[in-house]
1. Looking for whichever is surrounded by 12 or more Cβ atoms within 10 Å (Cβ to Cβ), in a helix (DSSP H, G or I) and modelled with pLDDT of 85 or more here; the options are Leu170, Leu146, Leu161, Leu157. Which one fits?
2. Given (1) under 30 Å from Gly345 (Cα atoms); (2) at pLDDT 90 or above; (3) surrounded by fewer than 16 Cβ atoms within 10 Å (Cβ to Cβ), where does Arg40 come up short, assuming only one miss?
3. Give the number of residues within segment 263-290 that are of a type outside the set (Gly, Ala, Ser), surrounded by fewer than 20 Cβ atoms within 10 Å (Cβ to Cβ) and within 17 Å of Trp346 (Cβ to Cβ).
4. Quick check: anything in segment 201-209 of a type outside the set (Ser, Thr, Tyr) and either modelled with pLDDT of 85 or more or assigned by TED's automatic domain parsing to the domain that holds Thr359 (or both)?
5. Residue by residue through segment 291-316, note down the ones that are part of a loop (DSSP other than H, G, I, E, B) and buried (at least 20 other Cβ atoms within 10 Å of the Cβ).
6. Take segment 62-90 and flag every residue that is surrounded by 14 or more Cβ atoms within 10 Å (Cβ to Cβ) and touching a residue at least 40 places away in the same chain (Cβ under 8 Å).
7. Quick test of your reading of the structure: Arg254 fulfils all but one of (1) under 19 Å from Leu334 (Cα atoms); (2) in the same structural domain as Phe360 (by TED's automatic domain parsing); (3) touching a residue at least 12 places away in the same chain (Cβ under 8 Å). Name the failing condition by number.
8. Exactly one condition in (1) crowded, with 18+ Cβ neighbours inside 10 Å; (2) more than 17 Å from Pro19 (Cα to Cα); (3) under 32 Å from the mean Cα position of the chain (by Cα) is not met by Pro99; state its number.
Amino acid sequence: MSFDSLSVDPFRLAVESSPAAMIVAGPDGVIQFVNAETERMFGYGRQELVGKSVDILVPAALRKGHAALRRGFFAEPSHRAMGAGRDLKATRRDGTEFPVEIGLTPIESATGPVVLATVLDITARREAETALTERAAELERANERLAQFAYVASHDLQEPLRKIAAFSDLLENAIASSNRADITYANQVMRTSALRARELVDDLLAFSRTINDEQRLQVLDLRKEVESALADLSHSIGEAKAEISVEIPPVRIRADRSQFARLMHNLVSNAIKYRKPGHAAKVDIGAVPQEDKAVRLAIADAGIGIEEKFAHTIFEPFKRLHSKGQYPGTGIGLAICKSIVDRHGWRISVSSQPGEGATFVVTIPTLSQQ
């Protein structure tokens with residue numbers, strides 16, 4: 001097919017019906033013809049393109065070198081596919097850039113050589129590829145956490161199970177000899193160990209759910225969700241006589257509601273638990289919008305604090321900095337927080353000094369207000 005044959009109805013109908021943008025330009029880069037899909041894809045009317053330089057469809061940063069590329073093509077014209085495996089982009093009328101693949105076909109017309117550029121918008125394909133890449137990375141992180149989780153969990157679970165096994169022998173001997181003191185002691189140890197094992201299993205299941213359960217993302221009001229989480233913790237807050245302050249501007253985020261609630265429960269519970277002995281817990285919850293369409297949600301306490309060298313390890317499963325006698329728990333609460341944050345694509349960090357409290361910061365992308 002020659003460029004001149006586009007005036008014939010069957011050919012023109014085929015070109016106008018094409019799902020790809022089709023643009024004909026000469027060696028000088030001046031557009032001679034565009035089809036209907038070109039208008040739709042780039043947002044220009046046909047009359048705005050014909051007679052103009054094709055450079056208006058090229059990103060501004062690449063226009064300077066585009067003339068040299070055209071000269072190179074017409075010096076050695078051939079069928080060429082461009083964009084496969086490369087980050088090739090085009091520019092719409094409104095200035096937005098989008099990924100494309102382009103096929104170049106040299107054509108001889110009555111007035112000389114021209115090139116037919118066939119342009120495909122691959123935005124949907126790139127988004128699918130990005131989603132697959134992110135999912136693969138998420139699965140890899142999940143596998144790493146599960147491997148670490150399995151190793152540490154088996155170690156921590158063995159402690160209460162060993163005690164139950166050992167003290168069951170003591171209980172049997174105590175019953176045989178009617179030693180009531182040993183019977184009572186063995187029973188207490190076995191009961192405590194069984195409760196400890198159950199607590200570990202419950203937290204292991206919670207951790208596993210944050211890794212494996214399907215997320216139900218929805219648009220949430222950050223302040224309302226924080227207040228809802230605090231309402232769920234009202235009994236614990238009242239028991240500890242904790243002072244909680246909340247200062248959060250109107251911000252909308254996309255999150256799994258139950259997982260966000262779990263995140264807040266764990267962070268606020270930690271702030272209350274690790275208060276200074278003899279002092280009421282004080283927790284300040286604030287959010288500061290960032291310039292990059294994100295918000296920094298900070299949970300700051302006036303508790304015992306931690307050494308800076310433990311700022312990363314505290315997010316590992318079963319990582320405890322204090323004995324169970326001082327502060328009860330399994331040491332998995334912050335690992336659950338890290339898992340929730342990772343699955344959402346957010347960031348979490350902590351800054352702290354011993355005796356000066358700790359501030360946990362979660363950086364969350366925000367949605368525009370409507």
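The values are calculated or read from the model by the stated rules, or taken from the named source; none is laboratory data. The model shown is predicted, which means the values in this text are computed figures rather than measured ones. As a convention, Cβ positions derive from the backbone with ideal geometry for all residues, glycine included, and neighbour counts pool all protein chains shown.
1. When all the criteria are applied, what remains is Leu170.
2. (1)
3. 4
4. The answer is no; no qualifying residue exists.
5. Gly303, Ile304, Ile306
6. Arg70, Phe73, Phe74, Ala90
7. Result: Arg254 passes all but (1).
8. Among (1) crowded, with 18+ Cβ neighbours inside 10 Å; (2) more than 17 Å from Pro19 (Cα to Cα); (3) under 32 Å from the mean Cα position of the chain (by Cα), Pro99 violates only (2).
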